[in-house]
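Visitor: Mind looking over this structure? Questions follow.
The values are calculated or read from the model by the stated rules, or taken from the named source; none is laboratory data. Note that the structure is a prediction, hence the values are computed from the model and not measured. Here the Cβ positions follow ideal geometry from the backbone for every residue, glycine too, while neighbour counts run over all protein chains shown. Areas reflect the complete protein model, heavy atoms only, side chains present, ligands, DNA and RNA absent. Shrake-Rupley method; radii C 1.70, N 1.55, O 1.52, S 1.80 Å.
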Amino acid sequence: MFSFIVKRALSAVPTLLFLIIFSFVLMRLAPGGPFTSEKPLPPQVLANIEAKYGLDQPWLVQIWNYVSGIVTQFDFGPSFRYKDQTVNSILSQGFSVTLVYGFWSFVVAVGVGMPLGIIAAIKHNSWLDYLAVGISIGAQVLPNFVMAPLLVILFTLVLGWLPGGGWNGGQWQYIIMPVIALSTSYMASISRIARSSMLEVLHSNFIRTAKAKGLPMSSIIMKHAIKPALLPVVSYLGPAFVGMITGSVIIDVYFSTGGMGQYFVDAATNRDYSLLMGATIIFGSLTILFNMLADIVYAWLDPKIRLA
Amino acid sequence: MSNDKKNVLEVNNLKVTFDTPDGQVEAVKGVTLNIKQGECLGIVGESGSGKSQTFMTTMGLLANNGRAEGDIIFNGTSLLGLSTSELNTVRGRNMSMIFQDPLTSLTPHLTVFEQMSEVLQLHTGVRGREAEAKCLDWLDRVRISEAERRLRQYPHELSGGMRQRVMIAMSMLCSPDLLIADEPTTALDVTVQAEILDLMDELKRENNTAIALITHDMGVVARMCDRIQVMRHGVYVEEGTAEEVFHNPQHDYTKMLLDAMPRIDQPDKATNRKLKEYDLKGRDENFLKVDDVKVHFNIKVPTGLWYKNVPLKAVDGVSFDLKPGETLGIVGESGCGKSTLARAVLQLIPPTEGNVTWLGKPLDASNKADLKAKREDLQIVFQDPLASLDPRMTIADSIMEPLQTFRSDMSRTEMKAKVASMMERVGLDRNMINRYPHELSGGQNQRVGIARAMIMEPKLVVCDEAVSALDVSIQAQIIELLMDLQEEFGLSLLFISHDLSVVREVSHRIMVLYLGRIVELADRNEIYLNPQHPYTQQLISAVPIPDPSVERTRERIRFPGELPSPMDPTAKLRFLKSKLKANQLDYVPELRELKPGHFVAEHDPIEELLAS
């Protein structure tokens, strides 16, 4: 187990390095720059600004400075577009929002989706099954940009229970609607994966053996069926969790929550090189981390897999 | 004698119906049977005869779309109509069941002890140390080595034979009155099968357990069963004592089953035609030559932080030659490398070392264009007929594919005509031309596989367990077809099978493989009548013979221990332990020509091996 984590951490280094170089080059290849605007700056001014941010140096030197800044001081540099703000401060501000609603979305998606799928499989072809399948199909076909306005119409305009947007330090009233809008489609996917894998497990030979032993259905499910049925769900959860905690631009724009999704898109359109790089690196690291966690959970569920 | 014993199970006029999208299917149509204490009843039949469904119904394991009518009485209690919780007080306790596939019938994420002890706890309330002692006791009784360690292991750490032993131990924990065994040895190697059958026989005698043995294998029945019921299309066609059924069968179907079953002690029996003796006259000797072929796979073994590559020597220095028009049988147990060898010969897996010479020229995987041209004459038929055909292609398209590759000069009409005549030749109806594989039976699909291999009129066809998945009656037909085609086209066959009786039926010469090396190679009668290597002797003696009077008086040669893993470095010298003792782990036993054409690998005297 320990050597597995070490190995994964080591292999993350070249992956991240590649990610940095690749996105760096890609950004520079895109036309325009952080200081291009409709009214071009005088060349002298532009040169000065570029010199200030180090953009006049060769790419290799820029990448080296950037990476060594991160490694030695965990400094992602200044933002090119938000004056007097560092990327570090923007990231910490954005993530403090996204992490909260992302985490709760994950809890809701797993907490509702998994039982829904499992119960549907156990009560296969009953009204409960049809209801669960109906709910997940409904949740899947409603994209969050449709869901969000519907929620606002219902809870804000009609019922007047919840504020229609804003964050306000993360009070619960402000969290509910972003969480519902973000979690529904994940919940639907989780429930569908859980249902089909549970159905498959229930038809497997070892469940037949368990029945032949005379075990009651409840302990067949809890002891024999649940763990193997969770395997495909777990491999979906790693990337899904990253997807949720890194936020969604639609949620941020629609509910004005001020999370990472918004900053990410803005940084891309504004050519805010340093902010975009910072966000990319964080997303990349999180993806690697949670895929590793998913693998660890996977090995715990399936003794055939030895982490080494 | 058994008349005064009481009936454990009585089934009266049982009918099982399934609701399917195609309407109602009657799988069991009025079956009546009884099993007495300490008796073994054999239920024999081919696939789809309803033999399994009868007992699945007894255990309450019928699929959701199935309905049962009739009466099942177990120890005086009627089982049909019991609720699941009522049934749960009986199954696993008074009546238990073991299944065909030991590899998938145990829960993968629970240890052997967890799976065994839950039965004890559920039915007897025994737990903790007492449960452990009882599980250990039963693991010992089913002769599992290192029982204590096995208790903590997961199913994937055990071999197939060991898993079936665990299944048996688990089902015997509560000393049931009835053990239902559904094809318990079908997925196992012959030597393992022999041991599992002996074990079940012992349990029957010691514990007075009644056994219902469901099987398609007449040899297994002959060894085990007191009484036999033969089933076909959901009804019994014949029943009687083992002697009656085997020596004086009444029903045509029983006679057909017995006739179609190849017997290792009686060659040329299962088919209506005899294998034509091989005659080299007028044939070119320069045909296929395999010289010291090795196939090694790299297996990653975790060592600390990184992996180490350890070679798995699947084929480890095999040489032989094949003459035109000859059939060479290749036998051996799972993991002996027989399929890998065949694929290496055809360069489907490039050999790690060694050469294959075809018609005097080397067959070389690196020369792609040359190899592709030669493939016209080199074909293969696989084991699983359905899985080996493209499900989205009609069978005619599958058969036609080689023509499209090699005969671009033919027009589509010509190809179609050729496919149609080939289909007829292998016994497929012309009007099946637009069918898909899933619409055909296993036997028909295998005919498609053979037609596809034969359409180029190749010189060499490899049959990789080509008849192993088929019912005996179909198996006999396919073997006949292969013999016919061999005579008609003069082709050579490499016939790979784990079934020694079938191999004797079709092969001119037979090669026995053990862990990637030849242990014996001789003419077919020579090897069966005069086997020299202890492994060959063990294999032959483990094959059950479908005749109770022969089968029950036969001496079996049994070497201690499980079938070893190919990763075990000492396993290859299992029959030459003197070299192991001398610490010559890398010693390669020499293949010696005992008399012309009979090669035997070096081995210790059999008495020494049996004693160790």
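Visitor: Report, by chain and number, residues whose modeled amide H sits under 5 Å from the one on B:T327, excluding near sequence neighbours (fewer than 5 apart, same chain).
Guide: B:L493, B:H508, B:R509
Visitor: Separation of region A:15-39 and region A:104-119 by C-alpha centroid, Å?
Guide: Using only Cα atoms, the two centres lie 39 Å from each other.
Visitor: Would you please calculate the Kirkwood hydrodynamic radius of chain B over all C-alpha pairs and express it in Å, rounded to one decimal?
Guide: 26.4
Visitor: Got a number for carbon plus sulfur as a percent of the protein assembly as shown's accessible area, 1.4 Å probe?
Guide: 56
Visitor: Using packing as a proxy for protection, rank B:569-575, A:237-243 so that the peptide with the highest average count of other Cβ atoms within 10 Å comes first.
Guide: Listed from highest to lowest mean packing, they are A:237-243, B:569-575.
Visitor: Here's another thing I want to ask about it. What does the structure give for A:199-212 when I average, per residue, the other chain Cβ atoms found within 10 Å of the residue Cβ?
Guide: 6
Visitor: Explain nothing, just compute: Karplus ³J(HN,Hα) = 6.51 cos²θ - 1.76 cosθ + 1.60, θ = phi - 60°, for every residue of region B:391-401 in order, whole Hz, x for Gly and Pro.
Guide: Rounded to whole hertz, the list is x, 9, 10, 5, 5, 5, 5, 4, 5, 6, 3.
Visitor: Given a Förster distance of 51 angstrom, what is the FRET efficiency for B:S334 paired with B:R127, based on the Cβ-Cβ distance and rounded to 0.05?
Guide: Rounded to the nearest 0.05, the efficiency is 0.85.
Visitor: Here's something else I'd like to know. Please go through the residue pairs A:K304/B:K308; A:K7/B:K294; A:K39/A:K83 and name each one whose alpha carbons sit more than 27 Å apart in this structure.
Guide: In this structure, A:K7/B:K294 exceed 27 Å between Cα atoms.
Visitor: Follow-up. Can you list the GluC sites (Glu not before Pro) in region B:74-171 that are in a DSSP coil and have 13 or fewer other beta carbons within 10 angstrom?
Guide: B:E146
Visitor: Per residue, how much accessible area does region A:94-301 have with a 1.4 Å probe, in Å²?
Guide: Per residue, region A:94-301 has 42 Å² of solvent-accessible surface.
Visitor: At a 10 angstrom cut-off on C-beta neighbours, averaged per residue, how do the peptides B:185-195, B:23-33 rank from highest to lowest?
Guide: Ranking, from highest mean packing down: B:185-195, B:23-33.
Visitor: Kindly sort A:K83, B:K372, B:K269, B:K134 by accessible area of their heavy atoms, largest first, with the probe set to 1.4 Å.
Guide: A:K83, B:K372, B:K134, B:K269
Visitor: What is the distance in Å between the Cα centroid of region B:410-489 and that of region B:544-612?
Guide: So the separation of the two Cα centres works out to 38 Å.
Visitor: What figure in square angstrom, to the nearest 10, would you give for the accessible area of B:D464 with a 1.4 Å probe?
Guide: Estimated to the nearest 10 Å², B:D464 gives 10 Å².
Visitor: On to the next question. Under a point-charge model restricted to the Cβ atoms of Lys and Arg (+1) and Asp and Glu (-1), what is the dipole moment magnitude of region A:94-301 relative to its Cα centre, in debye to the nearest 20?
Guide: 880
Visitor: Apply 1/(1 + (r/R0)^6) to the Cβ-Cβ distance of B:E590 and A:S196, taking R0 = 51 Å, and write down the FRET efficiency to the nearest 0.05.
Guide: Approximately 0.35, to the nearest 0.05.
Visitor: Another question, then. For chain B, what does -39500 (n - 2.57) per DSSP helix run (n ≥ 4), summed and divided by total residues, give at 222 nm, in deg cm²/dmol to the nearest 500?
Guide: About -9500 deg cm²/dmol.
Visitor: Another question, if that's okay. What aspartates and glutamates does B:K6 reach when the alpha-carbon gap must be under 16 Å and sequence neighbours fewer than 8 apart in one chain are set aside?
Guide: B:K6 reaches B:E39, B:D177, B:D226.
Visitor: What's the magnitude of the charge dipole for the protein assembly as shown around its Cα centre, counting Lys and Arg as +1 and Asp and Glu as -1 at the beta-carbon? Answer in Debye, nearest 20.
Guide: 2080
Visitor: Excluding A:Y236 itself, what net charge comes from residues whose Cβ is under 14 Å from its Cβ, given Lys and Arg +1 and Asp and Glu -1?
Guide: Value of the local net charge: +1.
Visitor: Same structure, new question: Which residue, A:A240, A:G170, A:S37, has the largest displacement toward the positive end of the dipole of chain A when charges sit on each Cβ (Lys, Arg +1; Asp, Glu -1)?
Guide: Result: A:A240.
Visitor: To continue, here is another question. I'd like the mean, over residues of B:150-161, of how many other protein chain beta carbons sit within 10 Å of each residue's own Cβ.
Guide: Mean shielding by partner chains, rounded to a whole number: 1.
Visitor: Could you pull the accessible area for B:E457 with a 1.4 Å probe, rounded to 10 Å²?
Guide: 100
Visitor: Name the residues of region A:103-132 whose amide N is less than 18 Å from a point 7 angstrom out from the Cα of A:L286 along the C-beta direction?
Guide: Output list for this probe position: A:103-110.
Visitor: Structure shown: which of B:K36/B:K134; B:K323/B:K372; B:K276/B:K374; B:K323/B:K579; B:K269/B:K289 lie over 25 Å apart, alpha-carbon to alpha-carbon?
Guide: Beyond 25 Å: B:K36/B:K134; B:K276/B:K374; B:K323/B:K579; B:K269/B:K289.
Visitor: So, one more: Kindly write out, for region B:599-605 in residue order, the coupling ³J(HN,Hα) from the Karplus curve 6.51 cos²θ - 1.76 cosθ + 1.60 (θ = phi - 60°), rounded to whole Hz, with x marking Gly and Pro.
Guide: These are the phi-based 3J(HN,Hα) values: 9, 9, 6, 3, 7, 6, x Hz.
Visitor: What is the interface area between chains B and A, defined as buried accessible area summed over both chains with a 1.4 Å probe, reported in Å² to the nearest 100?
Guide: Chains B and A together bury approximately 2400 Å².
Visitor: While we're here: So who's got an amide H within less than 5 Å of the one on B:G70, skipping anything under 5 residues away but keeping other chains? H placed 1.01 Å off N, in plane.
Guide: B:K15
Visitor: While we're looking at this one, here's another question. Quick check on chain A: helices-only [θ] at 222 nm, where DSSP H runs of length 4 and up contribute -39,500 (n - 2.57) each and the sum goes over total residues. Nearest 500, please.
Guide: -24000 deg cm²/dmol
Visitor: Please report the accessible area of A:T98 (heavy atoms, 1.4 Å probe, ligands and nucleic acids excluded) in Å², nearest 10.
Guide: Taking all protein chains as shown, A:T98 has close to 0 Å².
Visitor: Modelled label-to-label distance, B:R273 and B:R205, 7 Å Cα→beta-carbon offset: nm?
Guide: 4.5
Visitor: How far is helix B:112-124 tilted, in degrees, relative to the longest principal axis of the Cα atoms in chain B, given as a value from 0 to 90 rounded to the nearest 10?
Guide: Roughly 20 degrees between the two axes.
Visitor: Starting from the residue with the highest accessible area, list A:Y254, A:Y66 in decreasing order, probe 1.4 Å.
Guide: A:Y254, A:Y66
Visitor: Another question, if that's okay. Treating only the Cβ of Lys, Arg, Asp and Glu as charged (+1, +1, -1, -1), what charge dipole size does region B:265-377 show about its Cα centre? Round to the nearest 20 debye.
Guide: Taking the Cα centre of region B:265-377 as origin, the dipole is about 400 debye.
Visitor: Between A:M222 and B:D140, what is the label-point separation in nm under the 7 Å Cα-to-beta-carbon projection?
Guide: Label at B:D140, label at A:M222, 3.4 nm between them.
Visitor: Give the distance, in whole Å, between the Cα centre of region B:330-392 and the Cα centre of region B:54-69.
Guide: If you average the Cα positions of each part, the centres end up 44 Å apart.
Visitor: Could you order A:D302, A:D75 by accessible surface area, starting with the largest, using a probe radius of 1.4 Å?
Guide: A:D75, A:D302
Visitor: Please list, in order along region A:32-42, the HN-Hα scalar couplings obtained from phi with the Karplus expression 6.51 cos²θ - 1.76 cosθ + 1.60 (θ = phi - 60°), rounded to whole Hz, x for Gly and Pro.
Guide: x, x, x, 10, 7, 9, 4, 9, x, 6, x
Visitor: Also: Per residue of B:101-111, count partner chain C-beta atoms within 10 Å of its C-beta, then hand back the mean as an integer.
Guide: 6
Visitor: What percent does the relative contact order of region B:2-260 come to when contacts are Cα pairs within less than 8 Å and at least six residues apart?
Guide: 27
Visitor: Next question. Taking the Cβ-Cβ separation of A:F74 and A:I153 as r and a Förster radius of 45 Å, what is the calculated FRET efficiency to the nearest 0.05?
Guide: It comes out at approximately 0.55.
Visitor: Quick query: amide H of B:E238 versus all other amide H atoms, modeled in the peptide plane; which residues come in under 5 Å with a sequence gap of 5 or more or a different chain?
Guide: B:V230
Visitor: So for the pair B:N431, A:V61, with labels modelled 7 Å out along Cα→Cβ, what separation do we get in nm?
Guide: Output for this residue pair reads 8.5 nm.
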